[in-house]
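The values are calculated or read from the model by the stated rules, or taken from the named source; none is laboratory data. What you are looking at is a predicted structure, and each value in this text was computed from that prediction instead of being measured. Because the Cβ atoms are built from the backbone with ideal geometry, glycine has one as well, and the counts that use them run over all protein chains shown. Areas reflect the complete protein model, heavy atoms only, side chains present, ligands, DNA and RNA absent. Shrake-Rupley method; radii C 1.70, N 1.55, O 1.52, S 1.80 Å.
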Amino acid sequence: MTSPRPLADDAAAAHDDAALSPGADVPDVAGTSAPERAPRSAAASSEHVGETEVDPEHQMPSGRYRARTVSFVQRSGRLKDRQQRTWDELAPRFVVEPPRAVGRTSVDPGFVLDPEAVFGRTGRLVVEVGSGQGEAVAHAAVESPETSFLAVEVYRPGVAQTLQRLRTTGSTNVRLMQVDAAVLLGSTIAPGSVDELWLFFPDPWHKAKHTKRRLVTPGFADLVARALRPGGVWRLATDWADYARQMREVLGASEHFDVDLDAPRFAGRPVTSFERKGTEKGREIVDITAVRRG
């Protein structure tokens, strides 16, 4: 999720530090470590050199790992005092810590997430890639308490902010993971196990030299198709015209989806602070919906 404005825009990384009220008990899940912070939605990370990360799926004979381009940059993961207290209290219950491969946001290729064990129930599973500060997922969790929401965000302050929102709402149907979304969708989540996947306002990487870092590519569309069940829905939104064009080209050419390239606004998506900034600057909000073919 999940989360807008370019990652280079530090002003967009500011997080609310308001006092919050306690939430209800939920089943325990694994540990609590993680890094970084996020202004816009981000969804891929590990150990980075410049604009690349090592790929645990491609180890070379030398023992080194092949690098690949990622969709964001590493930033400080330091939390404010109140965020740290919230993290210490709530992360053991809401943050799923998978076994790692070679980086802090990698996942061991042998690990497969068990949603029933993580959420303590069966039901619809919605994954938000690049959940940012948690505005969308926290809103959705209140509106649809019967649905299980998995929020994927690599930046620790964003996860901490989401935990604060969950404390305020008392929702217990959200879990968070600080992982590379490409790895999550490619191996960590079982094929066909996701009912909906949301990607709202991913970083547009608007400079020409950076557009290669955009998340929506044919390869990423293949990963989403793997994770979604037949009839499952991929919802996208952006306020950047050139990225909207790229999304439409990628999804329009995909053999996996039936696509509405000019979809109406998704009623379940609240107006976030990032969307308001885009609207105030005169940018058009574009929604795209893609349904997984059977």
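Numerical summary
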quantity: Every pair of residues 6+ apart whose Cβ atoms lie under 9 Å, when the first sits in region 257-272 and is within 30 Å of ARG165 (Cα to Cα) while the second is part of a loop (DSSP other than H, G, I, E, B); calculated: ARG265/ILE285; GLY268/SER144; THR272/THR2; THR272/SER3; THR272/PRO4; THR272/GLY132; THR272/GLN133; THR272/PHE201
quantity: Search result, residues across region 77-113 that are over 18 Å from the mean Cα position of the chain (by Cα) and in a loop (DSSP other than H, G, I, E, B); calculated: ARG78, LEU79, LYS80, PRO99, ALA101, VAL102, ASP108, PRO109, GLY110, PHE111
quantity: Complete set of residues in region 239-263 that are part of a strand (DSSP E or B) and over 24 Å from LEU125 (Cβ atoms); calculated: LEU261, ASP262
quantity: Answer from LEU185, LEU236 - the residue that is in contact with a Lys or Arg (Cβ under 9 Å, 6 or more places away or on another chain) and more than 19 Å from GLU143 (Cβ to Cβ); calculated: LEU185
quantity: Any hit, region 173-195, residues being closer than 26 Å to ARG276 by Cα and open to solvent by 10 Å² or more (accessible area, probe 1.4 Å); calculated: no
quantity: Complete set of residues in region 134-150 that are assigned to a loop (DSSP other than H, G, I, E, B) and open to solvent by less than 10 Å² (accessible area, probe 1.4 Å); calculated: GLY134, THR147
quantity: Flag if TRP198 is under 19 Å from the mean Cα position of the chain (by Cα), part of a loop (DSSP other than H, G, I, E, B) and either hydrophobic (A, V, I, L, M, F, W, C) or buried (at least 20 other Cβ atoms within 10 Å of the Cβ) (or both); calculated: no
quantity: Among (1) within 12 Å of the chain's Cα centre (by Cα); (2) at pLDDT 95 or above, the one test that GLY120 misses; calculated: (1)
quantity: Verdict on THR168 being assigned to a helix (DSSP H, G or I), open to solvent by 10 Å² or more (accessible area, probe 1.4 Å) and modelled with pLDDT of 95 or more; calculated: yes
quantity: Test: residue in region 208-225 that is β-branched (Val, Ile, Thr), closer than 20 Å to SER144 by Cα and under 17 Å from the mean Cα position of the chain (by Cα); calculated: no
quantity: Residue list for region 285-294, restricted to those being touching a Phe, Trp or Tyr at 6+ places or on another chain (Cβ under 7 Å) and crowded, with 20+ Cβ neighbours inside 10 Å; calculated: ALA290, ARG292
quantity: Region 226-235, residues that are open to solvent by less than 10 Å² (accessible area, probe 1.4 Å) and either part of a helix (DSSP H, G or I) or at pLDDT below 95 (or both); calculated: ALA227
quantity: Residues of region 285-294 that turn out to be assigned to a strand (DSSP E or B) and among the small types (Gly, Ala, Ser), as a count; calculated: 1
quantity: Number of the exception - LEU125 against (1) closer than 30 Å to SER273 by Cβ; (2) touching a strand residue (DSSP E or B) at 6+ places or on another chain (Cβ under 8 Å); (3) surrounded by fewer than 22 Cβ atoms within 10 Å (Cβ to Cβ); calculated: (3)
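Here's the yes/no breakdown for (1) open to solvent by 50 Å² or more (accessible area, probe 1.4 Å); (2) part of a helix (DSSP H, G or I); (3) among the hydroxyl-bearing types (Ser, Thr, Tyr):
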{"site": "LYS212", "(1), (2), (3)": "yes, yes, no"}
{"site": "VAL224", "(1), (2), (3)": "no, yes, no"}
{"site": "ALA237", "(1), (2), (3)": "no, no, no"}
{"site": "PHE266", "(1), (2), (3)": "no, no, no"}
{"site": "VAL271", "(1), (2), (3)": "yes, no, no"}
{"site": "ARG283", "(1), (2), (3)": "yes, no, no"}
